[in-house]
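**Q** There's a structure below that I have some questions on.
Where a number appears in this text, it was derived from the coordinates with a stated rule and is not lab data. No experiment lies behind these values; they were computed from the predicted model shown. Note that each Cβ is placed from the backbone with ideal geometry, even for glycine, and that neighbours are counted across all protein chains shown.
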Amino acid sequence: MRGTGRGRPGGTETGTEAGTGTETRAETGTGTRVVIVGGGPVGHRVAERLRHHGHDGPVTLLDAEPGPAYHRVLLPSLLDGTLTPADLRLPDLPDVHLRHGVSAAGIDRRRRQVRTTEHDRLPYDTLVLATGARPHLPPVPGLRHASGWLVEGVTGLRSLADCARVRGDEIVVLGGGPLGVETAAALRRGGRNVTLVHPGPYPLDDRLDAAAGGLLTRHLAELGVRLELGRVAAGVLPGKLALDDEWLLAWDTLLCCTGVRPRTRLAAAAGLAVRAGVLVDGEGRTSDPAIRAVGDCTEPADSLFTGWEQAEAVARSLTGRRVPYGGGAGRRPVFRLRVPGLTLGVLGDGGAGAGDEIVTYRDQVRGRYARLALDTAGRLTSAVLVGLPQALATLTQLYETGTPLPAGRLALLLGRPAPRSGPPPALPPEAVVCRCNNVTKAALADAFAAGAREPGALADATRATTGCGSCAEEVRGLCREFAESTP
Ligand SMILES: Cc1cc2nc3c(=O)[nH]c(=O)nc-3n(C[C@H](O)[C@H](O)[C@H](O)COP(=O)(O)OP(=O)(O)OC[C@H]3O[C@@H](n4cnc5c(N)ncnc54)[C@H](O)[C@@H]3O)c2cc1C
């Protein structure tokens, strides 16, 4: 969700001078005119949080996509048939002027106006760019026509429209990163013939060691996904993909899960400071004080700052509230693969420091594997876990809170409480339980206190578990914990 570079906005812009136009109104304040460009999850969140924080000026949201905003991370669930587009819909935004199917074509910074593809001009006091990212397709010969358009049947996977382009029985997925793996598994569950082509020795080879990668490969093969590992696409012919060993794969759809690039054209054309993404500070400020940017189109000064946090920071900042986030510098990266039937998680970068103690556990027959790296105080610095759901949940909490592991490590990995290890450490209120919707334990406790006494009611109240669903067990546990501590 992030660019990786660091930097602060300012300095390199070449366009019109910021803030010197005919418009003299303040950029911030609850009554100002806000225009948001991009109705993905993060742009949608900005609008929702602005209203939440009492912004009562006009808010207009332009989105190039034709329909209502939706949960993009759940697109694979359409491909396996478990959800419909209606299930993905994000909550409605009352009091926001929504213009779906309308794009921002240009920004007149001097006049503080956005030009739209419907040839009107929208004045703003603050403009928020949430233009997201677009699939990056590899430069394989034959993938595009000479005009630059993709050949029929070739697509990325970023939108509902991309999902609708997935047709036929034979699907070739290019790229064995998280998106490629989750998509290949979903398509296979949906009954298609799927081949996953990946240049590495196993999928997710940039995150997993060989033992974990071997178990993932085995799981995908058992699902019926055909794997072409150590191969790259060399050329696209009508209905065929040529690999570098000259092997030909037939396809009805060629799905490229080969990375994304921030959509920055609008910002760059307006002369904002842009590198890989639009450069922003911790409150989403670009090099123009009247323009903020959030989400996947940005390159934040702190690369662990999530789109959700950016949206909250911008909404607070525009309504004159304190912005509590110090960025994600203290946050520890947690990755969980969303393939039903397989628990796979990586805490940290999966590597180990020089003095780290390494604990490994391997049960090849049952498909279980763990590799933990611990510092001298017994705290996790990184971990790779496969097939150990309970251990992954517990270790994620210990990792995020920086709590040393109990001595009985095998018992912890196998999900049994270690003797004399005491009760598991309680999750602190600020711990994020649902990462997809950024729901903290405190938010769940508040919802519980307000009457949401069942996991389903907690999901309705907070949206926890409605993303990838991997926090469902944790939410059930917290529900029990709240019930026990409620008189
Ligand atoms: C299948 C899938 C699984 C994912 N899983 C995860 C995950 O597990 N964890 C994670 O962190 N991230 C995940 N992501 C990435 C996540 O979806 C993005 O980080 C998130 O969507 C970013 O939201 P955004 O609003 O910044 O941008 P986007 O979702 O890209 O939305 C941008 C919107 O702006 C619109 N737009 C662009 N230009 C203009 C314009 N000029 N005028 C008007 N509208 C415009 C676009 O049409 C689009 O609707 C996943 C993505 C996919 C596709």
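**Q** Based on DSSP H runs of at least 4 residues, each adding -39500 (n - 2.57), what is the mean residue ellipticity at 222 nm of the chain after dividing by all its residues, to the nearest 500 deg cm²/dmol?
**A** So the helix-based figure for the chain works out to -6500 deg cm²/dmol.
**Q** Dipole magnitude of region 154-258 about its Cα centre, charges +1 at Lys/Arg Cβ and -1 at Asp/Glu Cβ only, in debye to the nearest 20?
**A** Charge dipole of region 154-258: 360 debye, to the nearest 20.
**Q** How big is the charge dipole of the chain about its Cα centre, in debye rounded to the nearest 20, if each Lys and Arg gets +1 on its Cβ and each Asp and Glu gets -1 on its Cβ?
**A** 220 debye
**Q** Compute the distance from the alpha-carbon center of region 264-318 to that of region 131-201, in whole Å.
**A** 29 Å
**Q** Another one. Among bridges DSSP assigns within the chain, what percent are antiparallel (round to 5)?
**A** So the antiparallel bridges amount to about 55 percent of the total.
**Q** For region 240-390, what number results from the quotient of the Cα radius of gyration and 2.2 N^0.38 Å? Could the numbers behind the result be given before it?
**A** Details: Rg = 21.3 Å, N = 151, 2.2 N^0.38 = 14.8 Å.
For region 240-390, the normalised Cα radius of gyration is 1.44.
**Q** What number, in percent, do you get for the relative contact order of the chain if the mean sequence gap of Cα pairs under 8 Å and at least 6 apart is divided by its residue count?
**A** 15 percent
**Q** Calculate the radius of gyration of the Cα atoms of region 216-268 to one decimal place, then report Dmax, the largest Cα-Cα distance, as a whole number, both in Å.
**A** Here Rg and the maximum Cα pair distance are 15.4, 47 Å.
**Q** Here's a follow-up. Just going by the charge dipole of region 154-258, with Lys and Arg at +1 and Asp and Glu at -1 on Cβ, which of Thr183, Ala242, Pro203 is farthest out on the positive end?
**A** Positive-end residue among those listed: Thr183.
**Q** How would you rank His52, His119, His198, going from fewest to most other Cβ atoms within 10 Å of each one's own Cβ?
**A** The most exposed by this proxy come first: His119, His52, His198.
**Q** For region 343-425, what is the largest minus smallest coordinate of the Cα atoms on each principal axis, given in angstrom and ordered from greatest to least?
**A** Taking the Cα atoms of region 343-425, the three principal extents are 33, 30, 18 Å.
**Q** At a 10 Å Cβ-Cβ cut-off, how would you order Ile291, Ile36, Ile358, fewest neighbours first? Kindly include the intermediate steps, with their values, before the conclusion.
**A** Working: Ile291 28, Ile36 31, Ile358 10.
Lowest to highest Cβ neighbour count: Ile358, Ile291, Ile36.
**Q** For region 159-223, list log₁₀ I(q)/I(0) at each q in 0.15, 0.16 Å⁻¹, using the Debye formula over Cα point scatterers of equal strength and ignoring solvent, two decimals each.
**A** Summing over Cα pairs of region 159-223 leads to -0.46, -0.52.
**Q** With point charges of +1 on the Cβ of Lys and Arg and -1 on the Cβ of Asp and Glu, referenced to the Cα centre of the chain, which listed residue (Gly101, Val140, Val151) lies farthest in the positive direction of the dipole?
**A** Comparing the listed Cα positions along the dipole, Gly101 ranks first.
**Q** Classify region 80-177: rounded, prolate or oblate, from the alpha-carbon gyration tensor (a ≥ b ≥ c, eigenvalue square roots; a/c under 1.5 rounded; otherwise prolate if a/b is larger than b/c)? List each step's numbers first, then the result.
**A** Values: a/c = 2.80, a/b = 1.55, b/c = 1.81.
In terms of gyration-tensor shape, oblate.
**Q** Among Gln113, Gly355, Thr298, pick out the residue whose Cα is farthest towards the positive end of the charge dipole of the chain, where Lys and Arg carry +1 and Asp and Glu carry -1 on C-beta, about the Cα centre.
**A** Gly355
**Q** Neighbouring Cβ atoms within 10 Å as the yardstick, rank Thr253, Thr82, Thr183 fewest first. Provide the component values of the computation, followed by the final result.
**A** Values: Thr253 19, Thr82 14, Thr183 25.
Fewest-to-most ranking of Thr253, Thr82, Thr183: Thr82, Thr253, Thr183.
**Q** Kirkwood hydrodynamic radius, computed over distinct alpha-carbon pairs, for the chain: how many Å, to one decimal?
**A** After inverting the mean inverse Cα-Cα distance, the result is 24.2 Å.
**Q** If you don't mind, there's one more thing I want to ask. How big is the charge dipole of region 343-425 about its Cα centre, in debye rounded to the nearest 20, if each Lys and Arg gets +1 on its Cβ and each Asp and Glu gets -1 on its Cβ? Write down the numbers at each step before the final one.
**A** Details: 8 positive and 6 negative charges, 77 e Å.
The calculation lands at about 380 debye.
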